[in-house]
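Quick note: the coordinates plus some simple rules give every number you see, no bench work behind them. Note that this is a predicted model, so its numbers are computed, not measured. In this analysis, Cβ positions are derived from the backbone assuming ideal geometry, glycine residues included, and neighbour counts consider all displayed protein chains.
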Amino acid sequence: MNPSSGLRPPCRHRPVCPSPDVADREAARIVAAHPEQGWNLLCNGVVVFDDTGELLPDGRIIAPHRPTDVRPGTGSNIEQFRAICGWRDF
C-alpha cells in the first residue's frame, strides 16, 4: 500500500489474484505470513485470520465462516466435505 495515495500496487502474479470484492478473494497469494499471530496478508490487501474471519482493505469485516455443523469423529474429511457442500457422486 502506498501511504500517500492509499492505493495498492497492481498484482504481478499470473494468473492475477482476485479482487477483494469477489467471493474467491481468499485465493489471492499470501504476501506476508504471520502464523504465530494467526493472520496472513494477501496480495489483494485482505487480511485473513486463522478463524476464517477477514478484514477487507476498505475496513469491512467478514465474520468467521468455517463450517460449524461437522463434529469430530463423524466420518472422513471427504465425507464431511460432501455433507457440508451437498456434493454427490454422479
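Note on the range 13-30: residues that are among the acidic types (Asp, Glu) and within 15 Å of PHE49 (Cα to Cα) total 1. Using beta carbons and a limit of 7 Å, which pairs, at least six apart or on different chains, have the first residue in the range 11-22 and closer than 12 Å to LEU42 by Cα and the second one aliphatic (A, V, I, L, M) and in a loop (DSSP other than H, G, I, E, B)? Final answer for the pair search is CYS17/ALA28; PRO18/ALA28; PRO20/VAL46; PRO20/LEU56.
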